[in-house]
1. Among the residues that make up the stretch 231-238, is at least one of them in a strand (DSSP E or B), crowded, with 20+ Cβ neighbours inside 10 Å and in contact with a Pro (Cβ under 7 Å, 6 or more places away or on another chain)?
2. Can you find even one residue in the stretch 504-524 that is of a type in the set (S, T, N, Q), modelled with pLDDT under 90 and touching a strand residue (DSSP E or B) at 6+ places or on another chain (Cβ under 6 Å)?
3. Given the criteria hydrophobic (A, V, I, L, M, F, W, C) and either closer than 25 Å to G295 by Cα or in a helix (DSSP H, G or I) (or both), does A410 qualify?
4. Only one of these is open to solvent by 40 Å² or more (accessible area, probe 1.4 Å) and either under 30 Å from L456 (Cβ atoms) or aromatic (F, W, Y) (or both): Q375, Q408, Q426. Name it.
5. Any idea which residue in the stretch 343-364 is farthest from the chain's Cα centre (by Cα), counting only those that are assigned to a loop (DSSP other than H, G, I, E, B) and within 12 Å of R383 (Cβ to Cβ)?
6. For the subset of the stretch 70-112 comprising residues that are in a strand (DSSP E or B) and not aromatic (F, W, Y), which member is farthest from the chain's Cα centre (by Cα)?
7. Between L294, L251, L282, which is part of a loop (DSSP other than H, G, I, E, B) and either within 17 Å of the chain's Cα centre (by Cα) or on the phi > 0 side of the Ramachandran plot (or both)?
8. I need a count of the residues in the stretch 316-375 that are at pLDDT below 90 and under 15 Å from H428 (Cα atoms).
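The values are calculated or read from the model by the stated rules, or taken from the named source; none is laboratory data. Model, not experiment: these values are computed from the prediction. Here the Cβ positions follow ideal geometry from the backbone for every residue, glycine too, while neighbour counts run over all protein chains shown. These accessible areas exclude ligands, DNA and RNA; they are computed on the full protein's heavy atoms, side chains included. Shrake-Rupley method; radii C 1.70, N 1.55, O 1.52, S 1.80 Å.
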Amino acid sequence: MKHGVHSALAPDWYEVALPSRERKQRGHFSTPHALVDQILDACGYTPAADLRQLRVLDPACGSGNFLARAALRLCRALQAQGLKQEEIHRRVYANLWGLDPDPVACCLAEMQVRSALESARGVSDKTPPLHIHQVDSLALAWQPCVDLLVANPPYLATKNTDLSHYRQTKRRGQADSYLLFVELALRAVRPGGWIGLIVPDPVLARANAAAERASLLRECTIQHLWHLAGVFSAEVGAVVIVAHKIPPRPLHQVSWERTRWRTDQRLYETARASQGIEQELLASQPGAELRYLLGGEQGRVSERLRRALDAEAAPSTGQARLLAKARLLPLNALVDIKRGEEIGRASSLLEPLAALKDGLPVLRGGVDLRPYTLQDARLGIERSAISKPISRYMQPKLLVVKSTERLQAALDTRGHVVLQTLYLLQLHEQAEDLETAYFLLALLNSRFLSAYVHHLYTAYKLVQPQIEQAVLARLPVAWGSASERAEIATRARALAQACSQVGRGVEWNEFLSALYEEQERAVCLLYAQVFSQTKESP
């Protein structure tokens, strides 16, 4: 059968035929052709450009989606310049390079590229051998030799894959595999070249990517960040990074887009007129986080509050004096943060509470916790099966949901055991009273702190976002005056009591709505007053 324009889609059968578990283990998820085209557009690799001397590399080429589309563009560009077929063959051979450790993928990549060459008018299929090689690109010693590097590298986490044999890993400790490809791109691309990478969205803010982010922001001008859901069947959000390997100019704006992927989208065209964030602001983040949402009004407030917390010098005096003089505190200055039982929701240790002889009620993260209130526990666990000190659960404690994109907290005074999906916050002795607990409960459920966590942390993971313990520990607490705290605590107690009745024949009514909004205004006013006194005040 003669290959046609659409035959380049045929190699997808290999990916589809792989068992889902093996696909995940190998990170084998091909890039949609429409997204490949938009990345090539954004990198300036178009038929209208002079592509004769530009060397293209895909160091994790898989079945060749990037290479095939690049080959088609290269042929059309050379045809438009009037080059003969022999010269076109020579340029394709010299300029297109693909590497992959999977021999079947390499075979399919070559098939795709040859199919693309056939579909280009006037180009025969009698091209010389292509530079598509079965090799692990991470094992090579790279020097600057590439003008355009494009890749959708495998998303292999260190916890599931042994990467210790790579020199990059030995030199800097653990790193997920996609980070090694970011480092490869920075080494292999010449000054003035382009990088187009599709990587998982933890790259935006996770601590283990700090070194790669800092290098990107220092060595490259990042033109586009596209944060996309639904690109791959794998449960992960994707980030497209389009970067020009030249140092950024002052005030350069990184264009960003946050959306669900559709094949009819034109990200490249719309992104040029979309939101922007100064690259200098990204570079100034503590771990060079790519916090693109900080460009908006709410984001700027969150960033100033983060800086204010960092700027507040903690006195070397005792805890009591700290609480007496503080204006803005990290949450861990007031509480100890711990985790619950290290078992899952489906554990055989959990049984109906009524069926247990010496059992305690168990709370299961977001299932049994809502803002300000706890659901009645339906499951329990035998005392003998509890691994953590039981005293941890018997004391009054604030509980915060871990796996969520927004803050949700409740106060437990009934001695529930909790699973690891909840954080336990126990007050330090100097602050140990229920009024302080209710005050913190109000802050943890406020829209203000939820926006803070969203703009600085959880927004940058589209699938299964989590509030890390370190993030919770550094939440900024506006301490205010004793009277301000008491007023907010009293209102929080009333909200907790009212919320516990909602759903038990009691509706959320106008009175509760008014009380909630009054609390929100009080919290915002508290932060505004405290913030105006800090070193970061305008």
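1. yes
2. no
3. No; evaluated as a whole, the condition is false for this residue.
4. Of the residues listed, the single one that is open to solvent by 40 Å² or more (accessible area, probe 1.4 Å) and either under 30 Å from L456 (Cβ atoms) or aromatic (F, W, Y) (or both) is Q375.
5. K357
6. L96
7. Numbers: L294 fails: part of a loop (DSSP other than H, G, I, E, B); L282 fails: part of a loop (DSSP other than H, G, I, E, B).
One residue alone meets the criteria, L251.
8. Within the stretch 316-375, residues that are at pLDDT below 90 and under 15 Å from H428 (Cα atoms) number 7.
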